Amino acid sequence: MISILKPFGKPAVLASCTTLALAFSGASVAAPITMEGDYVRTAISDNGTLGYGGSMSPGLLHDPSGTQNWGAEDYLTPGSPWEMFGVKADQFGTVANNNAGWPTNIATSSLTDLSGTSSFDNHVLWSGTYGGLFNISHEYVFNDNYERIDVLTSIEALTDLTNLKFLRAIDPDPDVNTYGSFDTINTRGGAGIAEEDFVNSQGAQTGLTLGLYTNSTIEHNTGITSSWSENPDVYLSGQNDGNGDNVIGLAFNIGSLFQGDLIRLTYSYVMGETLDNVDIPDEPVASVPEPGTLGLLGLGLAGLLGLRRRTL
């Protein structure tokens with residue numbers, strides 16, 4: 001659901017996280033925050049991407065049994081991690097933050113663990129800024145029984161922006177630690193879902209499935225790229241490079257966003273033991289602005305209507 005408001009690597013040593021919310025300093029300003037449920041364990045790095053950072057664990061761990069049995073398989077950190085988000089507009093080209101560290105263009109403003117006061121078991125807010133052009137935030141939420149991570153991304157225009165686009169993308173590697181393969185079976189659509197709404201990867205040996213899903217009303221599309229592209233246009237074109245050590249991504253074509261306007265994009269990282277039982281939300285993410293946090297673009301998810309498709 002979108003709304004506009006106007007005005008306004010390899011296995012590594014496990015590290016513990018502490019939560020820090022610091023003022024903007026133009027550099028990394030916070031320790032990553034770990035999020036853990038029964039099925040999903042991850043961290044939000046200090047540049048707003050998934051994973052602790054570098055080859056540190058956790059990257060993105062998934063236990064289909066729901067018993068917090070975090071085995072060897074990690075979607076994100078068997079080698080060099082690659083999970084990113086990017087923004088593109090006529091006014092600045094493409095800028096991005098990538099867990100791999102290349103690049104980190106968008107400076108962090110804050111990283112805050114809201115889990116203790118949230119209606120969700122796990123709730124982390126990251127916010128950042130790019131010059132005097134836009135502010136951006138991501139709210140990551142999931143309950144203990146989710147096999148997915150729901151994301152609310154908000155972009156606030158600090159000046160008029162045209163041909164504005166947003167991309168989220170990941171290089172998934174579920175089979176590396178046990179089977180030594182970086183290749184995945186990659187599909188646009190599937191499980192009865194349209195190609196523009198869902199892109200996924202499956203481990204050829206493990207069957208573990210990771211995907212990006214949205215049912216947003218704003219124009220969007222998915223793609224699979226062997227070049228590991230960070231350009232939203234590549235994914236909006238529906239490029240499909242098929243199976244292999246490729247990147248899957250979901251891009252939104254926002255259009256014009258005028259100074260003071262705020263837009264919200266909702267989507268999910270969805271997981272399953274196989275493609276047949278991936279945890280697709282039945283309804284879109286719902287959100288309500290909270291005045292006390294709008295300064296950080298913390299929109300405070302009021303509730304998530306997404307329900308598990310299968311019974312636990």
Rounded to whole angstrom, the alpha-carbon centroid of region 75-96 lies from that of region 234-253 at a distance of 13
Taking 0.36 nm per residue of separation between SER226 and LEU133 and subtracting their Cα-Cα distance, the length gained on full extension comes to 30.4 nm
Once Lys and Arg are counted +1 and Asp and Glu -1 for all other residues with Cβ under 13 Å from that of LEU111, the total becomes -3
Listed with the fewest Cβ neighbours within 10 Å leading, ASP171, ASP121, ASP74 appear as ASP121, ASP171, ASP74
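Each value in this text was obtained by applying a stated rule to the coordinates, not by laboratory testing. It should be emphasised that the depicted structure is a prediction, and the values quoted were computed from it without experimental measurement. Using ideal geometry, Cβ is built from the backbone for each residue, glycine included, and neighbour counts are taken over all protein chains shown.
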